[in-house]
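Notes follow once the structure below has been shown.
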Amino acid sequence: RNIFLSGIQCKGAERAMQIAGLPEMPVSGLSLQHSVFNTVRGIECSFAKQLCLENVTVITGSQQTFCFYDVEEAEISGCKGNEGIFLTVDGLHSKGIVVHSDTPEELRKTTRVKSPAAPDAVIFRGPDTPREQDRRGGENR
């Protein structure tokens, strides 16, 4: 609980990061900021809540930047990845994932929300997007 990581630089690893809780005991309050990863696979997170990713760059070969399974209340802000899939969301309990970006429409196009996750599990916000006008959902696959 309540883990803060900042300034990580990683090059050549198999996976940028794996965050894995349990259904009955999710990882809670993890914050990752100002970090750069150049790896084969991106950040994979399962069974977590209150996750904060801020100004994180993840460059992978052809893998998605972020992969979430049963993640609740996550904030992704100022994060960058390669041109492939930015975010994949899966899991029945995934919800409240907010992506803040200067280009929310571009990230929405490269986000996949898979069943059984609800299509509105991900909310996209631009710099001028009021809360009541959230752009919800990724492309379902």
Computed ³J(HN,Hα) along the stretch 13-30: with the Karplus parameters 6.51/-1.76/1.60, θ = phi - 60°, integer Hz and x for glycine or proline, the list is 6, 5, 9, 4, 6, 10, 10, 9, x, 10, x, 8, 8, x, 5, 10, x, 8
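Assuming 0.36 nm per residue, please report the length gained on full extension of the stretch R1 to E105 beyond their Cα-Cα distance.
Contour length minus the Cα-Cα distance gives 34.2 nm.
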When the accessible area of the chain is computed with all protein chains present and a 1.4 Å probe, what percentage of it is carbon and sulfur? 47 percent
Ordering of 43-55, 95-107, 7-19 by packing [mean C-beta count within 10 Å, highest first]: 43-55, 95-107, 7-19
Can you tell me which aspartates and glutamates have their Cα less than 16 Å from the Cα of K114? Leave out same-chain residues fewer than eight positions away. E44, D70, E72, D90, E139
For the chain, what relative contact order do you get, as a whole percent, if you take Cα pairs closer than 8 Å and at least 6 residues apart? 16 percent
About the Cα centre, and with charges only on the beta carbon of Lys, Arg (+1) and Asp, Glu (-1), how big is the dipole of the chain? Nearest 20 debye, please. 240 debye
Show me, for the stretch 62-72, the HN-Hα J-couplings you get by feeding each phi into the Karplus relation (A = 6.51, B = -1.76, C = 1.60, θ = phi - 60°), rounded to Hz, glycine and proline as x. 9, 7, 5, 6, 10, 10, 10, 10, 6, 10, 10
Given backbone amide H placed at 1.01 Å from N, residues whose amide H is under 5 Å from that of G78, ignoring those fewer than 5 places away on the same chain, are N55, H100
Please work out the average accessible area per residue across the stretch 56-103, using the 1.4 Å probe convention, and give it in Å². 43 Å²
Per residue of the chain, what 222 nm ellipticity follows from adding -39500 (n - 2.57) for every DSSP H run with n ≥ 4, rounded to the nearest 500? -1000 deg cm²/dmol
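Given Cα pairs under 8 Å that are at least 6 residues apart, what percent is the relative contact order of the stretch 29-107?
That works out to 28 percent.
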Options P116, Y69, N38, ranked by Cα towards positive dipole end of the chain, top entry (Cβ charges): N38
Give the lysines reachable from K11 as a straight Cα distance under 23 Å; neighbours fewer than 8 places away on the same chain don't count. K80
Under 18 Å from K49, Cα to Cα: lysines that are on another chain or at least 8 residues apart: K95
Shape of the chain from its Cα gyration tensor (a ≥ b ≥ c, root eigenvalues): rounded if a/c is under 1.5, otherwise prolate when a/b > b/c, or oblate? rounded
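The values are calculated or read from the model by the stated rules, or taken from the named source; none is laboratory data. Model, not experiment: these values are computed from the prediction. Positions of Cβ are backbone-derived with ideal geometry, glycine not excepted, and every protein chain shown enters the neighbour counts. Surface areas here come from the heavy atoms of the whole protein model, side chains and all, with no ligands, DNA or RNA. Shrake-Rupley method; radii C 1.70, N 1.55, O 1.52, S 1.80 Å.
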